[in-house]
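Read the structure below first, then the notes.
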Amino acid sequence: MKNKILFVLCLLSGLMFINAGLNKFFNYIPVPDDLPEEAMNMFMAMTEITWLMPLLATFEIVGGILFIIPRLRALGALILTPIMFGILAHHFTLGFGLAIPLVMAAILIGAIIDNIEKYLTLIK
């Protein structure tokens, strides 16, 4: 039962990362009109660096796909961890919409804890 719940949570979280990555390539989710000016300035600064958004999108898509596959979940979690830290830092500094990033971070941490033996072999 635990494995099924973890799979569903990782599937949903992985699909959210894949969706976010694809949106960076195809811009199909409209930007809200009430977005704070600080958030808009940060987004514009990131888009001025032409290689940053495609790189971030690629890592989100690849990490999301790997995170969904149980055998490769540990690798996907390694790829998604720095992205998740950036998402959390962004949301904490701007102070909006903390619920979904915190839930996704908890799922990521849970997957890391579930695969801790795979990471320990890297350290030894």
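Coordinate-derived values only; no laboratory data. Nothing here was measured: the structure is a model prediction, and the numbers come from that model. Using ideal geometry, Cβ is built from the backbone for each residue, glycine included, and neighbour counts are taken over all protein chains shown.
Consider residue 87 carefully, then state whether it is in contact (Cβ under 8 Å) with a residue 24 or more places away in the chain, closer than 16 Å to residue 60 by Cα and either touching an Asp or Glu at 6+ places or on another chain (Cβ under 7 Å) or not acidic (Asp, Glu) (or both). Taking the combined requirement at face value, the residue does not satisfy it.
Just one of the listed residues (2, 24) is among the charged types (D, E, K, R) and loosely packed, with under 14 Cβ neighbours inside 10 Å, and it is 2. Of everything in region 27-68 that is of a type in the set (Gly, Ala, Ser) and under 22 Å from residue 112 (Cα atoms), the residue that is surrounded by the fewest Cβ atoms within 10 Å (Cβ to Cβ) is 57.
Only one entry in 36, 70 is of a type outside the set (S, T, N, Q), touching a residue at least 40 places away in the same chain (Cβ under 8 Å) and within 16 Å of residue 109 (Cα to Cα), namely 70. In the set 16, 42, only one residue is within 18 Å of residue 91 (Cβ to Cβ), free of Cβ contacts under 8 Å to residues at least 60 places away in the same chain, part of a helix (DSSP H, G or I) and of a type in the set (A, V, I, L, M, F, W, C); that residue is 42.
Condition check ((1) touching a helix residue (DSSP H, G or I) at 6+ places or on another chain (Cβ under 6 Å); (2) without any contact (Cβ under 8 Å) to a residue 12 or more places away in the chain; (3) among the hydroxyl-bearing types (Ser, Thr, Tyr)) across all residues:
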residue	(1), (2), (3)
94	yes, no, no
98	yes, yes, no
103	no, yes, no
115	yes, no, no
119	no, no, yes
123	no, yes, no
